[in-house]
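Just so it is clear, none of the values below were taken in a lab; they were calculated from the coordinates. Here the structure is a predicted model, which is why all the values come from computation and not from measurement. So basically every Cβ, Gly included, is an ideal-geometry build from the backbone, and we count neighbours across all protein chains shown.
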Ligand SMILES: C[S@@+](CC[C@H](N)C(=O)[O-])C[C@H]1O[C@@H](n2cnc3c(N)ncnc32)[C@H](O)[C@@H]1O
């Protein structure tokens, strides 16, 4: 069955018990992620796109050591945790409903010294952006966050706010519907976008985007 993040009833039916945990191996560590298939308002599970982007970060030659990273729509937190383990300072964000489980997973998987490089914070796209540093991040990460058309404008506004000319955006996603392509088209208005990886096994793409540098009149 092909799952979509907003089809939570389908997810609920699959799980006899709505809480589970799954194990991953990244950055020479074992990571145990608690999931909640029935969490209020969001199915908090690890999506394939997160695993694909974690693998890309670990093996793809991107150096996160000492870099400033923000993750949008972190869900259960696997990607943000892996970014911390790979050396980054990471602000791991999601909507309020996701934060309890997110915080739990971050605390359970990072030793005290690494916790200092992780901050879990509420970020609903397009809202209260002033509490984040404009253009203050080397990398913006997002796994499977392009799926609700009604959020596209807010998501784009959030990327625009957080992004400097140097920031690299990495989005991993499954392009399930035509409207998902529409978000990429919207992004191309502001950013140069290129596909840097595709995993045919789970149909996950990784797109890299950087702010377009506008030619100024001399
Ligand atoms: C399909 S899940 C992906 C979770 C995680 N990145 C992963 O790949 O495992 C989508 C995530 O986006 C978040 N999200 C959806 N709409 C949002 C919004 N308007 N603002 C912030 N986060 C949002 C959800 O709460 C959810 O955690």
Among DSSP bridges having both ends in region 83-218, what percentage is antiparallel? Round to the nearest 5. 55 percent
Any idea what the relative contact order of region 70-217 is, in percent, if you count C-alpha pairs under 8 Å spaced at least 6 apart? 19 percent
If you average 1/r over all unlike Cα pairs in the chain and invert the result, what Kirkwood radius do you get in angstrom? 17.5 Å
For a footprinting-style exposure proxy, rank 68, 192 by other Cβ within 10 Å, fewest first. 192, 68
For the chain, what is the mean residue ellipticity at 222 nm derived from helices alone (per DSSP H run of n ≥ 4: -39500 (n - 2.57); sum divided by total residues; nearest 500 deg cm²/dmol)? -8500 deg cm²/dmol
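Please label the shape of region 13-141 as rounded, prolate or oblate, based on the square roots a ≥ b ≥ c of the eigenvalues of the alpha-carbon gyration tensor (a/c under 1.5 means rounded; beyond that, a/b larger than b/c means prolate, else oblate). Walk me through the numbers on the way to the answer.
Values: a/c = 1.76, a/b = 1.19, b/c = 1.48.
The shape class here is oblate.
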How many angstrom lie between the C-alpha centres of region 149-215 and region 88-116? 24 Å
Each label point is 7 Å from the Cα along the Cα-to-Cβ direction; what then is the distance between the points at residue 100 and residue 192, in nm? 4.6 nm
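Could you rank the peptides 24-32, 47-55, 120-128 by their average count of other C-beta atoms within 10 Å per residue, with the highest value first?
On the way: 24-32: 14.0, 47-55: 24.1, 120-128: 16.4.
Ranking, from highest mean packing down: 47-55, 120-128, 24-32.
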Length gained, residue 165-residue 108, 0.36 nm per residue minus C-alpha separation, equals 17.0 nm
